[in-house]
Amino acid sequence: MSPSRIGLLRNMILGVSVLALSGACASQGQSIVKDYGKSQAHKPHPPVRAVKLTSDTITDERGRTVAVERGILKVPENRQNADSRFIDIHFTKFPALLLSQNERAPVFLLAGGPGWGLNLSDPLVFDEIERLRRTREVVYVSQRGYRNVTGFDEQFLVNFEPVPVGSRLSAKDLAQLESRALQQAYQSWKDRGVDVSGYDIVNMTDDLNDIRRALGAEQIVLRGCSFGSQWSFAYMKRWPDHVDRAFLSGVEPIDYGYDSPKWRWASMARLADSAISNADIASRLPEGGLMEALKTVIERLENNPAVLTVYHPVIGKSVDVPIGADDLREVLHRPRIFGQPTEQQNLAIWPKFILEMYEGDYRFLAARIAQRRTGGGGQYLIESLVDHSLGISAKRDVKLTSESERRWLGDINLEEHMMVDTTPTEVIDDALRSNVDVQVPVLLLNGDLDWATPIENAEIADAALPNSHFVTVQGGTHCPETKRGELGDSRQIIMDNLYAFIDVDFDEVSPLSYFRTLPKNIKLDPIEFDSSTDLSLYDQWLAVAQHRE
């Protein structure tokens, strides 16, 4: 929810209705359907307070409007603390377009992150909500700690200080700097009265259950992308009887918050294989292809770190930037550094980036590293708090540590490992972390070029769920149904068919019979890779940077 929307909600004083909760608090320890050990058993807490609903209208960028109700539910900041203060959980209710004869479970729409929100005025978000609310009410739930919901005017952030542009920093150096900033942020927010230990996955699933009870819904439909899928899995694990069905993309099972070097490398290799279709790229590749070229670049930077002189647009002059293998690893799997408007357009440049370095031009890497060093910036604090609470099973941690692809990518979970003993949120146990095997129908969707949550994640979830269907989007990136240039705005008929899953009456047709009507693979148009050699990535970037001055 945008700050302007939150401000509007808080300032409106007309048209407020109240839904009172009855009975004991849904989030007390004794009401948890599945007991996963002491770490999830909450102490009794006073009943959750009333829900306040305020009428509002949302208008998207195309001028389409919908009447909604903005909601606030006050919940304990930390349900394990009997003296916890209450915080606001914001949500938005969209009415069903068609009223069915029987009351249907509402759709709970969950954002990713942790720490993200949905821009409800975005036409693609608006389109999705229109599909979801054909016969069901849609409830978009904002995450605790997102923007202004902590009780302070400031955003719930950790700020990272810039470092000198000439610093030569290893991955461990950077992780230590970020860890120090996180620890300082935890203490700073504690000093302002925020119980940072309450911003964990268990309290977040309790928030969903409290809203469900407050709205009088026996069951809900879960719709989540990326962390929204992980949040959904946690809810299904704890309250399976209250889930009607789930539609999840960018799939991330509960124990998969730590990334696999093997699967990250495999995702990049799939892109590299696609790039061979470009004759100009193929003609410049060594034996072994683009991934072999990448290995060569990493080895060169390990053996001979360089110092490049590049222009810095903020400083306004050329600077000397040391670069090494860890600097390349820092940006290697972040194609957004190319600054293109869509994910696929960024991926289209990635082979050119690798080949330029293979052929000896590291200037673009140096320029982006210089900007990252001096840019400072920040992130929502709940990202580290919630991710830490999810943790990782010892078995999977050992597996990831032994994967040979770490040789090239480094320890991509280094910061998480360093923060284990200092992050204040309590870590869940393996019983809650293990794979979900509920009987409810679950539709899974994943792009095969998704580097954030690789398709192997979805394959793991699909194997554990008895009534699931997994659709691979060939050429799709992270959450491809939400992306411009992918399913989001290029495959309308397919999108309608996928979202029809929300409306199917599973009393009339079995989930597995219905799933046989859906595709297993959806193929997007091939990526048009940039293979030009006339203007380097650095020169293109420099022209744009100087034009903006």
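Among the residues of the range 346-355, are any of a type in the set (S, T, N, Q) and open to solvent by 10 Å² or more (accessible area, probe 1.4 Å)? Even if it seems obvious, please write down each step before you answer.
From the range 346-355, those of a type in the set (S, T, N, Q) are 346; that's our starting set.
Remaining after also requiring open to solvent by 10 Å² or more (accessible area, probe 1.4 Å): none.
For the range 346-355, residues of a type in the set (S, T, N, Q) and open to solvent by 10 Å² or more (accessible area, probe 1.4 Å): absent.
Could you list, in sequence order, the residues of the range 271-323 that are touching a Ser or Thr at 6+ places or on another chain (Cβ under 9 Å), over 17 Å from Tyr538 (Cβ atoms) and open to solvent by less than 10 Å² (accessible area, probe 1.4 Å)?
Listed by number, the residues that qualify are Ala275, Ile281.
Against the condition in a helix (DSSP H, G or I) and farther than 30 Å from Ser197 by Cα, how does Ala463 come out, does it pass?
Numbers: in a helix (DSSP H, G or I): yes; farther than 30 Å from Ser197 by Cα: yes.
Considered against the rule, which asks whether it is in a helix (DSSP H, G or I) and farther than 30 Å from Ser197 by Cα, Ala463 comes out as yes.
Need the failing condition index for Ala181 against (1) open to solvent by less than 40 Å² (accessible area, probe 1.4 Å); (2) touching a helix residue (DSSP H, G or I) at 6+ places or on another chain (Cβ under 9 Å), just the number.
Result: Ala181 passes all but (2).
Restricting the first residue to the range 52-68 and requiring it to be within 15 Å of Ala96 (Cα to Cα), which pairs with a second residue that is aromatic (Phe, Trp, Tyr) meet a Cβ separation below 7 Å and a spacing of at least six or different chains?
Going by the 7 Å Cβ cut-off, the qualifying pairs are Val66/Phe94; Val68/Phe94.
State whether the residues of the range 378-386 include one that is at pLDDT below 95, assigned to a loop (DSSP other than H, G, I, E, B) and under 20 Å from the mean Cα position of the chain (by Cα).
no
Exactly one of (1) surrounded by 12 or more Cβ atoms within 10 Å (Cβ to Cβ); (2) farther than 30 Å from Leu98 by Cα is unmet by Tyr514. Its number?
So Tyr514 meets the others, but not (2).
Condition check ((1) out of contact with any strand residue (DSSP E or B) (no Cβ under 8 Å at 6 or more places or on another chain); (2) open to solvent by 10 Å² or more (accessible area, probe 1.4 Å); (3) of a type in the set (Asp, Glu)) across all residues:
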position: Arg131; (1), (2), (3): yes, yes, no
position: Val165; (1), (2), (3): no, yes, no
position: Ser170; (1), (2), (3): yes, yes, no
position: Leu177; (1), (2), (3): yes, yes, no
position: Val196; (1), (2), (3): yes, no, no
position: Leu222; (1), (2), (3): no, no, no
position: Cys225; (1), (2), (3): no, yes, no
position: Trp231; (1), (2), (3): no, no, no
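Among Gly63, Gly151, Gly117, Gly145, which is at positive phi, open to solvent by 10 Å² or more (accessible area, probe 1.4 Å) and either modelled with pLDDT under 95 or of a type in the set (Lys, Arg) (or both)?
Details: Gly63 fails: either modelled with pLDDT under 95 or of a type in the set (Lys, Arg) (or both); Gly117 fails: at positive phi; Gly145 fails: open to solvent by 10 Å² or more (accessible area, probe 1.4 Å).
After applying the criteria, what remains is Gly151.
Lys190 versus (1) open to solvent by less than 50 Å² (accessible area, probe 1.4 Å); (2) modelled with pLDDT of 90 or more: which is the lone unmet condition?
It is condition (1) that Lys190 fails.
So Phe529 clears everything in (1) open to solvent by less than 90 Å² (accessible area, probe 1.4 Å); (2) of a type outside the set (Asp, Glu); (3) assigned to a loop (DSSP other than H, G, I, E, B); (4) more than 30 Å from Ile281 (Cα to Cα) except one condition, right? Which one?
Every condition holds for Phe529 apart from (4).
Every residue in the range 475-513 that is part of a helix (DSSP H, G or I), closer than 13 Å to Pro441 by Cβ and either in contact with a Gly (Cβ under 7 Å, 6 or more places away or on another chain) or among the aromatic types (Phe, Trp, Tyr) (or both), please.
Phe501
Could you tell me which of the residues Val297, Val331 is at negative phi, in contact with a helix residue (DSSP H, G or I) (Cβ under 7 Å, 6 or more places away or on another chain), assigned to a helix (DSSP H, G or I) and modelled with pLDDT under 95? Give the steps one after another, and end with the answer.
Numbers: Val297 fails: modelled with pLDDT under 95.
On inspection, the qualifying residue turns out to be Val331.
Go through (1) of a type in the set (A, V, I, L, M); (2) open to solvent by 20 Å² or more (accessible area, probe 1.4 Å); (3) in a loop (DSSP other than H, G, I, E, B) for Leu449 and report which single condition fails.
Failing condition for Leu449: (2).
Cβ contacts < 6 Å: first residue free of Cβ contacts under 8 Å to residues at least 40 places away in the same chain, restricted to the range 329-357; second residue of a type outside the set (A, V, I, L, M, F, W, C) and open to solvent by 20 Å² or more (accessible area, probe 1.4 Å), any location; separation 6+ or different chain. Result?
As it stands, the answer is Ile337/Arg368; Asn346/Arg336; Asn346/Gln340, since those pairs meet every condition given.
With respect to Phe160, is the statement that it is touching a strand residue (DSSP E or B) at 6+ places or on another chain (Cβ under 9 Å) and closer than 25 Å to Val141 by Cβ true?
Values: touching a strand residue (DSSP E or B) at 6+ places or on another chain (Cβ under 9 Å): yes; closer than 25 Å to Val141 by Cβ: no.
Answer is no for this residue.
Count, please, the residues in the range 233-267 that happen to be closer than 20 Å to His90 by Cβ and either part of a loop (DSSP other than H, G, I, E, B) or open to solvent by 10 Å² or more (accessible area, probe 1.4 Å) (or both).
Residues that pass the stated criteria total 0.
Of the numbered conditions (1) more than 22 Å from Glu383 (Cα to Cα); (2) over 26 Å from the mean Cα position of the chain (by Cα); (3) modelled with pLDDT of 90 or more, Gln219 satisfies every one except a single condition; which is it?
In the conditions (1) more than 22 Å from Glu383 (Cα to Cα); (2) over 26 Å from the mean Cα position of the chain (by Cα); (3) modelled with pLDDT of 90 or more, Gln219 misses (2) alone.
Inspect the range 405-424 for any residue being β-branched (Val, Ile, Thr), at pLDDT below 95, in a helix (DSSP H, G or I) and surrounded by 20 or more Cβ atoms within 10 Å (Cβ to Cβ) and give the result as yes or no.
No, the conditions are met nowhere in the range 405-424.
The values are calculated or read from the model by the stated rules, or taken from the named source; none is laboratory data. Only a predicted model underlies this, so the values are computations on that prediction, with no experimental measurement involved. Positions of Cβ are generated from backbone atoms using ideal geometry, with glycine treated the same way; all protein chains shown enter the neighbour counts. The area values use the complete protein model at the heavy-atom level, side chains included, leaving out ligands, DNA and RNA. Shrake-Rupley method; radii C 1.70, N 1.55, O 1.52, S 1.80 Å.
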